[in-house]
Amino acid sequence: MEPGSHVVVIGAGGNIGSHLIPHLTRIAALGRLTLVDRGVYEPRNLQNQDIPSGGSRRRKAVVQAARARKLNPRLQVDTVAEELETIPLGALRADLLLACLDSRRARQRVNDAASRLGLPWLDGGVLGAGLLGRVTRYVPGQELPCLECTWGEADYAALEQSYPCETAEPAATTAPSSLGALVAALLALECHKLLSGEGTPLAPGTELVVDAAHHRHFVTAVRRNPECRRADHGAWSLEPLPGGRLARLGSVFEAARRRVRGNGDLRLRVEGKPFVRELSCSACGATRRLLRLAVALRESELRCSDCGARCIPAGFGLSESIAEHSLTRAERNRPLAALGARAGEVLSIGTAERELHLTLVEP
């Protein structure tokens, strides 16, 4: 890759990520670094995370970004301090993704994003109980393995339940600081090789495991699983949407209709982000129709105008997609921004036979 490469680190402030950031800032081929982490440093994190002085009680992404800028003032550093599922897909576009996560669900989301965007990514993980560290390299492709190619029924059953209102921090890892630092160094070395072209990086679908307890390491290949639940391993073909967030919903459907053949009803979706069509008051039972992405709902919108109690999506009020025929005239005239769509969001619109994937860029 050329100098000035862009790397996104997801989980930038944890057991692995906090040790990784200083290494990345010193890679000459890196020109832009985006740090994604919704967490806040707590005193308990001092035991196994590399936290600069004065970082306690502050946003992890912000703390590590200030550190990166101090180490390399020429490096462009951006922060995203929010839930991974709320981030617009296009905001994760980069030359390389690095995942430093302790959640199976979060890794699945990164796998989804990387596959859709066609981005290579490195996944780092630790197992404190056995002093095991791991780095796996994935490259999207129909014939190449993805994260879920190794998953079985037990892995899917183990996916933790999550809810839109969930704000609790994940349980603290039992991995020692030194193990996180070891995996961070391995990730940084792979990143250096991929960005600079020096050395031999891990091949796509290859996993490196270090058994620090017994001074051993293993390199294994992950195979493409023909029964993988992600049947489509190919990347989407993304197109910029004229007008971006200011485009009106009806005009988006009309433009798509001219390009998508067939008689099926057009539907629009934002992968992983359902739409709320109706809210019901949990106290008085009053209902209110609306059209908005669930992740974009404001607290004021969740309050009943009659009694002030909290409202929730009712029955069929939550939908993974919206059909063109279901829109009112007023809804067709609404700009995408009014639905909660942000710059970088990717809209998928079409029929069961064909979909277009449109990126919202600032006009």
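The values are calculated or read from the model by the stated rules, or taken from the named source; none is laboratory data. Keep in mind that what you see is a predicted model, and the values were worked out from it rather than measured. Here the Cβ is made from the backbone with ideal geometry for all residues, glycine too, and neighbour counts use every protein chain on show. For the accessible areas, the whole protein counts, side chains as well, though only heavy atoms, and no ligand, DNA or RNA atoms are used. Shrake-Rupley method; radii C 1.70, N 1.55, O 1.52, S 1.80 Å.
Which one is right for this structure if Cα Rg over 2.2 N^0.38 Å is calculated from it: (1) 1.06; (2) 0.99; (3) 0.95?
Recomputing Cα Rg over 2.2 N^0.38 Å here picks out (1).
What shape does segment 17-86 take by its C-alpha gyration tensor, where a ≥ b ≥ c are the square roots of the eigenvalues and a/c under 1.5 counts as rounded, a/b above b/c as prolate, and the rest as oblate?
oblate
With Cβ to Cβ distances under 15 Å as the rule, what net charge do the other residues near Gly180 carry (K, R +1; D, E -1)?
Result for the local shell: -1.
Could you tell me the accessible area of Ile87 in Å² (1.4 Å probe, neighbours in place), rounded to the nearest ten?
Ile87 has an accessible surface of roughly 10 Å² with all protein chains in place.
Determine the per residue accessible area of the chain with all protein chains present and a 1.4 angstrom probe, expressed in square angstrom.
Value returned for the chain: 48 Å² of accessible area per residue.
Quick one: 3J(HN,Hα) in Hz for segment 63-70, Karplus 6.51/-1.76/1.60 with θ = phi - 60°, rounded, Gly and Pro as x.
For segment 63-70, the Karplus-derived couplings read 4, 6, 5, 4, 5, 5, 5, 5 Hz, x marking Gly and Pro.
For the chain, what is the charge dipole size about the Cα centre, in debye to the nearest 20, if Lys and Arg each add +1 at the Cβ and Asp and Glu each add -1 at the Cβ?
Charge dipole of the chain: 920 debye, to the nearest 20.
Starting from the amide H of Arg334, placed 1.01 Å from N in the peptide plane, find each other amide H under 5 Å away whose residue is 5 or more places distant or on another chain.
Placed amide hydrogens put Leu249, Gly250 under 5 Å from Arg334.
What is the Cα coordinate range of segment 209-325 on the first, second and third principal axes, sorted by size from largest, in whole angstrom?
In descending order, the Cα extents are 66, 44, 28 Å.
Quick one: what are the phi-derived ³J(HN,Hα) couplings along segment 131-139, Karplus 6.51/-1.76/1.60 with θ = phi - 60°, whole Hz, x for glycine and proline?
Whole-Hz 3J(HN,Hα) from phi for segment 131-139: 6, 9, x, 9, 9, 10, 10, 10, 10.
Could you tell me what percent of the accessible area of segment 176-295 is made up of carbon and sulfur, with a 1.4 Å probe and every protein chain present?
Of all accessible area on segment 176-295, carbon and sulfur atoms account for 53 percent.
Residue by residue, what Karplus-based ³J(HN,Hα) values in Hz, rounded to whole numbers, does segment 293-308 have, using 6.51, -1.76 and 1.60 with θ = phi - 60° and x for Gly and Pro?
5, 4, 5, 9, 5, 8, 4, 5, 6, 8, 9, 5, 6, 8, 10, x
Can you tell me which of Thr328, Thr150, Thr79 moves the most in a GNM of the chain? Springs connect C-alpha atoms under 10 Å apart.
Comparing Thr328, Thr150, Thr79 in a Gaussian network model of the chain, the most mobile one is Thr328.
Suppose each label sits 7 Å from its Cα in the direction of the beta carbon; what would the Tyr156-Ala231 distance come out to in nanometres?
1.3
Between 0 and 90 degrees, rounded to the nearest ten: what's the tilt of helix 104-117 against the longest Cα principal axis of the chain?
Tilt relative to the chain: about 70 degrees.
Just by accessible area at a 1.4 angstrom probe, what is the order of Asp112, Asp123, Asp102 from largest to smallest?
Details: Asp112 45, Asp123 0, Asp102 100 Å².
The residues order as Asp102, Asp112, Asp123, largest area first.
Starting from the amide H of Thr79, placed 1.01 Å from N in the peptide plane, find each other amide H under 5 Å away whose residue is 5 or more places distant or on another chain.
Residues meeting the amide H criterion: Leu35.
Just check segment 2-126 against the gyration tensor rule for me: Cα atoms, a ≥ b ≥ c as the square roots of the eigenvalues, rounded for a/c under 1.5, and otherwise prolate or oblate depending on whether a/b exceeds b/c.
Note, shape of segment 2-126 comes out oblate.
Evaluate the relative contact order of the chain (contact order divided by residue number), counting alpha-carbon pairs under 8 angstrom at least 6 apart; express in whole percent.
17
In whole Å, how far is the Cα centre of segment 1-45 from that of segment 276-353?
So the two Cα centres are separated by 35 Å.
Based on the mean of other Cβ atoms within 10 Å per residue, sort peptides 56-67, 330-341 so the most packed one is first.
Highest-to-lowest ranking by the protection proxy: 56-67, 330-341.
Per DSSP helix of 4 or more residues, -39500 (n - 2.57); summed, then divided by the residues of the chain. What does that give at 222 nm, rounded to the nearest 500?
-6000 deg cm²/dmol
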